[in-house]
Amino acid sequence: MSGLRVIEPGVWTTVQDLGRFGQRAFGVPVGGVFDRASAALANALAGNAASCAVLELTLRGGSYEAGVELGVAFAGAAVDVSVVARGGRARDLIAPSSTTLAPGDRLEVGAIRTGARVYLAVRSGWLTRPVLGSRSDERNVRAGETIPAATSRLPGRRPARWRYPAVAPEVATIRVLNGPDSEHADPAWIDQDYRVNATSNRMGVRLESDWFVAVDSPEDRVSMPVAPGAVQVAGGRLIILGPACGTMGGYPHLAHVVSADLDRVGQLLPGQRVRFEPVTLDEARLLEREAREAIRRLGLITATLALDEF
């Protein structure tokens, strides 16, 4: 089986699905896409279930060549995408949208402008080998390898009412619940501005600030279970754990990002300013229900009615 050949993989491109569940007791992270809503939209445009594997492209997409006819769709942060035919003729695409690549067509994905990640889906999903019930893989794809996919076709289409912001927000507000160690920290930490460090990755988004986050935590603190969204402090600096984080952690756990905002954490750009907003547990549950319903409705509309063909 052929698929999409990697010419140049960009900054960090991995195969992801919704994650690997039921293995945390053995120290296996859940993994999966960092921005669930964008991945679900890409899959909906491809006519797939949300559980199908996608490519997660970070900061810059790279260059790829179709080995067979492939129906592809992409969604996420705003990005420049073009399809270059064998004869050299190029056509630009507007995110989010779908199209069909002919054998030999080159897909060029440039720098991502309004966020950090874009998702590339193919009809029926990428067919890499599943491990422990998931195709999620933290390995960066390599130049020269082929990501397997079945031959397919998709019409050129995009959501009729979808609009991306022209620029990322100057300050991203992330809503959080108190963590188990919040009472041991200087409460002023919640009122500070932070900046996303360029060393951030899928394991964690590192934040820097002129403010030193002081925590009165014992040196022999016992490691405790952690999950994506945990806000920990190490050396006076904050880290928001991502989907590839470990299952246990020894650093103080000051707060936890509400699940409805985890997608936004996945789109934080290096250098972007971040603030935290505390919410109650009831508010967090309501936000999660609203986020799930929004994803469900967007997927349903995208897969059925609200599409412009071009």
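So that you can scan it fast, the table gives a plain yes or no per residue for (1) touching a strand residue (DSSP E or B) at 6+ places or on another chain (Cβ under 6 Å); (2) free of Cβ contacts under 8 Å to residues at least 60 places away in the same chain:
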site: A66; (1), (2): yes, no
site: A78; (1), (2): no, no
site: V83; (1), (2): yes, yes
site: G87; (1), (2): no, yes
site: D105; (1), (2): yes, yes
site: R113; (1), (2): no, yes
site: R129; (1), (2): no, yes
site: S134; (1), (2): no, no
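Close contacts from region 227-241, counting a first residue that is in contact (Cβ under 8 Å) with a residue 60 or more places away in the chain and of a type in the set (S, T, Y) and a second that is open to solvent by less than 10 Å² (accessible area, probe 1.4 Å) and outside any loop (DSSP other than H, G, I, E, B), with Cβ to Cβ under 8 Å and a gap of 6+ residues or different chains, come to none at all. Restricting T114, T146, T100, T173 to those that are among the hydroxyl-bearing types (S, T, Y) and at pLDDT below 90 reduces the list to T114.
Name the residue, out of G61, G31, that is crowded, with 22+ Cβ neighbours inside 10 Å and over 18 Å from D263 (Cβ atoms). Being crowded, with 22+ Cβ neighbours inside 10 Å and over 18 Å from D263 (Cβ atoms) holds for just one of G61, G31, which is G61. Among all residues of region 87-99, there is at least one that is of a type in the set (S, T, N, Q) and either at positive phi or crowded, with 24+ Cβ neighbours inside 10 Å (or both). Looking across A37, A75, one residue alone is in a strand (DSSP E or B), within 16 Å of G266 (Cα to Cα), at pLDDT below 95 and of a type outside the set (S, T, Y). It is A75. Restricting the search to region 238-284, which residues are part of a loop (DSSP other than H, G, I, E, B), under 27 Å from L57 (Cβ atoms) and open to solvent by less than 40 Å² (accessible area, probe 1.4 Å)? Passing the criteria: G242, P243, A244, C245, G246, T247, V258, Q267, L268, L269, Q272.
The values are calculated or read from the model by the stated rules, or taken from the named source; none is laboratory data. What you are looking at is a predicted structure, and each value in this text was computed from that prediction instead of being measured. Methodologically, a virtual Cβ is constructed for each residue, glycine included, from the backbone with ideal geometry; neighbour enumeration extends over all protein chains shown. These accessible areas exclude ligands, DNA and RNA; they are computed on the full protein's heavy atoms, side chains included. Shrake-Rupley method; radii C 1.70, N 1.55, O 1.52, S 1.80 Å.
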